[in-house]
Amino acid sequence: MSHKIVVVYQSLLGIYGDQGNAQVLTKRLQWRSIDAELVVVEPGQEVPTDGLIYLLGGGEDRAQSAAVAELKADGGIFRALDAGGILFAVCAGYQICGKTYTVGGRDEVKKGLGLLDVETRRGPQRAVGEILTSWQAPDGASHLITGFENHAGYTSLGSDAEPVAKVEIGIGNGDGFDGAQQGRVIGVYPHGPILPRNPRFADYLLEKALGHELPALDHPVTAEHKMLRERRIHVVKTTKDRAKQTR
């Protein structure tokens with residue numbers, strides 16, 4: 001059986017290269033000799049219900065509203081989650097998974113998909129720049145997550161949702177944490193894309209979807225990604241320290 005990694009509405013929610021997240025998930029399965037295929041579903045096409053992981057990326061206000069309307073009308077994403085799929089959403093995709101979010105200069109409140117107990121409103125300042133968060137894996141180990149954020153919305157979590165990571169540098173939700181997770185739905189703010197930058201977090205999503213741990217991965221590309229990742233974390237921390245010294 002081939003596991004489907006499903007990119008949902010790339011034409012609407014894909015302006016930050018978030019399809020790279022799907023490519024990483026697919027490759028990390030294939031490199032372990034696990035059959036996997038990348039599937040892209042556009043508006044007007046049925047969202048398959050037999051996918052392993054579904055991905056929603058970043059987009060503008062109109063794209064968010066269009067995506068919500070299409071997803072509700074199709075209904076496939078809800079059936080897919082009921083069937084055991086995982087939904088991973090980034091930035092705008094994360095916001096529309098909540099109960100409500102705002103769009104436009106007048107901050108019109110829109111209903112989201114209701115998959116996460118969160119609400120998003122315009123914050124005091126736009127969050128633009130590198131973000132570094134601390135994420136705790138299921139085994140208790142702490143890992144840094146590096147990415148790039150670009151959003152005006154600040155997200156508040158209700159009692160049914162839990163934050164994904166603690167913000168070390170950047171804005172995230174606006175409350176010292178980033179993202180939200182609830183059941184089989186996980187949303188975060190960092191682009192990057194985030195999964196090429198953070199392979200351990202990518203494997204966490206795969207393991208959550210598969211229901212078991214994966215063997216360690218030894219591949220030439222992973223060594224290169226590790227080097228780039230460590231360099232990026234060093235640059236972000238150094239830049240932050242210099243900014244503090246000049247205040």
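The values are calculated or read from the model by the stated rules, or taken from the named source; none is laboratory data. Computed from a prediction, not measured in an experiment: that's the story for all the values here. Here the Cβ is made from the backbone with ideal geometry for all residues, glycine too, and neighbour counts use every protein chain on show. Surface areas here come from the heavy atoms of the whole protein model, side chains and all, with no ligands, DNA or RNA. Shrake-Rupley method; radii C 1.70, N 1.55, O 1.52, S 1.80 Å.
Taking the condition open to solvent by 50 Å² or more (accessible area, probe 1.4 Å) and part of a loop (DSSP other than H, G, I, E, B), does Gln23 pass? So that I can check it myself, show each step before the final result.
Numbers: open to solvent by 50 Å² or more (accessible area, probe 1.4 Å): yes; part of a loop (DSSP other than H, G, I, E, B): no.
No; evaluated as a whole, the condition is false for this residue.
For Gln45, are the conditions met, namely being polar (S, T, N, Q), open to solvent by 10 Å² or more (accessible area, probe 1.4 Å) and under 25 Å from Leu210 (Cβ atoms)? Judged against the criteria, Gln45 is not a match.
For the stretch 130-177, the candidate set comprises residues that are open to solvent by 20 Å² or more (accessible area, probe 1.4 Å) and touching a helix residue (DSSP H, G or I) at 6+ places or on another chain (Cβ under 8 Å); within that set, the residue that is farthest from Arg197 (Cα to Cα) is Pro138.
Quick check on this structure: which one of Ala89, Ala83 is in contact with a strand residue (DSSP E or B) (Cβ under 8 Å, 6 or more places away or on another chain) and at pLDDT 95 or above? Just a single option satisfies the conditions, and that option is Ala89.
Scanning the stretch 69-87 for residues that are touching a helix residue (DSSP H, G or I) at 6+ places or on another chain (Cβ under 9 Å) and within 15 Å of Gly44 (Cβ to Cβ), we see that the one that is most open to solvent (accessible area, probe 1.4 Å) is Lys72.
Just one of the numbered conditions (1) surrounded by fewer than 23 Cβ atoms within 10 Å (Cβ to Cβ); (2) touching a residue at least 24 places away in the same chain (Cβ under 8 Å); (3) in contact with a strand residue (DSSP E or B) (Cβ under 8 Å, 6 or more places away or on another chain) is not true of Tyr9: (1). Pairs linking a residue in the stretch 148-165 that is in contact (Cβ under 8 Å) with a residue 40 or more places away in the chain and farther than 19 Å from Gly57 by Cβ to a residue that is part of a strand (DSSP E or B) and open to solvent by less than 10 Å² (accessible area, probe 1.4 Å), with Cβ atoms under 6 Å and 6 or more positions apart or on different chains, are Leu157/Val118; Leu157/Ala180; Ala161/Val118; Ala161/Ala180.
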